[in-house]
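*Asks:* Let me begin by handing over the structure; questions about it come next.
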Amino acid sequence: MGIFGGFTGRYIVEELLKEKFKVIPAWVNQPTRINIIINDGKHEYKLLNPGNHVDDDCKLQVLHHLGCLNEGDKLVISGSLPPGIESSFYDEILSVCRDKGCEVILDISHPVLKELIKQKPLLIKPNDDELAEIFGLEVGTRQQVREAMTSLHKAGARNVLLTMGARGLYFSDGTDIWFCTAPEIELVSSACAGDAALGAFLSVWLRGGDVSEALRLASATGADVAASPGLGTFSRVEQLMTQTETVKL
């Protein structure tokens, strides 16, 4: 489920359908944005388009599509707010989810996360930069990670997946904290690596799988994307998993 527009939006939907994904689009008139990411071998530069304007009709489409949610479903809300959507729209979405008995997972890089966390989402997935910018929390040491996790749980998050790029990732369920190392790779593009890591983690964790295995798969999948142009093919995930280790702190 997502917002699409123009030739770029049609292309994304068509390619997803070719891969047998179920797509529930909400359409806008302007094209889906194109971002440019440049890697000079040492540094990464991102030229980010703010995105198309989302009108009221598109918002109604999104809310209508959410009507298909059922009790026990899980909805991942990810990305940034495009022009035309106010932060209050998140509240409307979460309200629908509550009424439907649907759990919410938040992967958003917007200051509104500080308010949304009070609604006790099932899981949030910040990275280290977002923790600093949104919550004012530093995670340079493991003690700081522990303190940050405690703060996030007190604020309302039931579970936290913290991604830190080459520094690995942490998961906390409010009782225990796990850490997983990151494989050594040559960075091509960090775009979508965090999204891929979250998807991989959820594919194990939401099925009741072992947290350590979920973290190792997440770490390897994120690394595979970061080492690939575009999303890559995920062909190296199993090999990269052998380079990861987990520990319960």
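*Asks:* Out of (1) touching a strand residue (DSSP E or B) at 6+ places or on another chain (Cβ under 7 Å); (2) without any contact (Cβ under 8 Å) to a residue 24 or more places away in the chain; (3) within 28 Å of Arg207 (Cβ to Cβ), the odd one out for Ile36 is which?
*Replies:* Result: Ile36 passes all but (3).
*Asks:* Here's another thing I want to ask about it. Could you tell me which residue of segment 58-88 is farthest from Gly5 (Cα to Cα), considering only residues that are exposed (fewer than 11 other Cβ atoms within 10 Å of the Cβ) and of a type in the set (Gly, Ala, Ser)?
*Replies:* The residue in question is Gly72.
Yes or no, residue by residue, for (1) crowded, with 22+ Cβ neighbours inside 10 Å; (2) closer than 21 Å to Glu138 by Cα; (3) charged (D, E, K, R); (4) out of contact with any Lys or Arg (no Cβ under 8 Å at 6 or more places or on another chain):
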position	(1), (2), (3), (4)
Thr163	yes, yes, no, no
Ala166	no, yes, no, yes
Leu206	no, no, no, no
Leu231	no, no, no, yes
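*Asks:* Answer yes or no: is there a residue in segment 1-23 that is surrounded by 12 or more Cβ atoms within 10 Å (Cβ to Cβ), over 22 Å from Leu231 (Cα atoms) and over 21 Å from the mean Cα position of the chain (by Cα). Full working, then the answer.
*Replies:* Just the residues of segment 1-23 that are surrounded by 12 or more Cβ atoms within 10 Å (Cβ to Cβ), to begin with: 1-6, 8-13, 16, 23.
Among the residues that remain, those that are also over 22 Å from Leu231 (Cα atoms) are: none.
No: zero hits.
*Asks:* So, Ala148, is that one part of a helix (DSSP H, G or I) and of a type in the set (Gly, Ala, Ser) or not? Steps first, answer last, please.
*Replies:* On the way: part of a helix (DSSP H, G or I): yes; of a type in the set (Gly, Ala, Ser): yes.
Taking the combined requirement at face value, the residue satisfies it.
*Asks:* Do you know which of the residues in segment 104-120 that are of a type outside the set (Val, Ile, Thr), crowded, with 19+ Cβ neighbours inside 10 Å and in contact (Cβ under 8 Å) with a residue 24 or more places away in the chain is farthest from Leu75 (Cα to Cα)? Please lay out each step first, then the result.
*Replies:* Step one: filter segment 104-120 for residues of a type outside the set (Val, Ile, Thr), giving 106-107, 109-111, 113-116, 118-120.
Those left that are additionally crowded, with 19+ Cβ neighbours inside 10 Å: 106-107, 113, 116.
Add one more test, that the residue is in contact (Cβ under 8 Å) with a residue 24 or more places away in the chain, and what stays is 106-107, 116.
Values: Leu106: 9, Asp107: 11, Leu116: 14 Å.
Only one residue tops the list, namely Leu116.
*Asks:* Next question, about the same structure. Given the criteria at pLDDT 95 or above and part of a helix (DSSP H, G or I), does Glu133 qualify? Talk me through it step by step, then tell me what you get.
*Replies:* Values: at pLDDT 95 or above: no; part of a helix (DSSP H, G or I): yes.
Answer is no for this residue.
*Asks:* Scan segment 66-84 residue by residue and report those that are not in a loop (DSSP other than H, G, I, E, B) and not small (Gly, Ala, Ser).
*Replies:* Leu66, Cys68, Lys74, Leu75, Val76, Ile77, listed by residue number.
*Asks:* In segment 20-65, which residue that is in a helix (DSSP H, G or I) and of a type in the set (Asp, Glu) is farthest from Leu81 (Cα to Cα)?
*Replies:* Only one residue fits best here, namely Asp57.
*Asks:* If we keep just the residues of segment 166-188 that are touching a Ser or Thr at 6+ places or on another chain (Cβ under 7 Å) and within 29 Å of Asp40 (Cα to Cα), which is modelled with the lowest pLDDT?
*Replies:* Filtering segment 166-188 for residues that are touching a Ser or Thr at 6+ places or on another chain (Cβ under 7 Å) and within 29 Å of Asp40 (Cα to Cα), the one modelled with the lowest pLDDT comes out as Val188.
*Asks:* Only residues that are acidic (Asp, Glu) and surrounded by 15 or more Cβ atoms within 10 Å (Cβ to Cβ): list them for segment 24-43, please.
*Replies:* none
*Asks:* Could you please give the count of residues in segment 39-77 that are in contact with a strand residue (DSSP E or B) (Cβ under 9 Å, 6 or more places away or on another chain), closer than 22 Å to Ser88 by Cβ and acidic (Asp, Glu)?
*Replies:* Residues that pass the stated criteria total 2.
*Asks:* Moving on. Does Ala196 satisfy the condition of being buried (at least 17 other Cβ atoms within 10 Å of the Cβ), small (Gly, Ala, Ser) and modelled with pLDDT of 95 or more?
*Replies:* No, not satisfied.
*Asks:* Just give me the residues in segment 71-98 being closer than 14 Å to Val54 by Cβ, among the charged types (D, E, K, R) and without any contact (Cβ under 8 Å) to a residue 24 or more places away in the chain, in sequence order.
*Replies:* The one that is closer than 14 Å to Val54 by Cβ, among the charged types (D, E, K, R) and without any contact (Cβ under 8 Å) to a residue 24 or more places away in the chain: Glu86.
*Asks:* State whether the residues of segment 94-105 include one that is in a helix (DSSP H, G or I), touching a Gly at 6+ places or on another chain (Cβ under 7 Å) and of a type in the set (S, T, N, Q).
*Replies:* Within segment 94-105, none of the residues are in a helix (DSSP H, G or I), touching a Gly at 6+ places or on another chain (Cβ under 7 Å) and of a type in the set (S, T, N, Q).
The values are calculated or read from the model by the stated rules, or taken from the named source; none is laboratory data. Quantities reported herein were computed from a predicted structural model and do not represent experimental measurements. All Cβ positions, glycine included, derive from the backbone under ideal geometry; neighbour counts span all protein chains shown.
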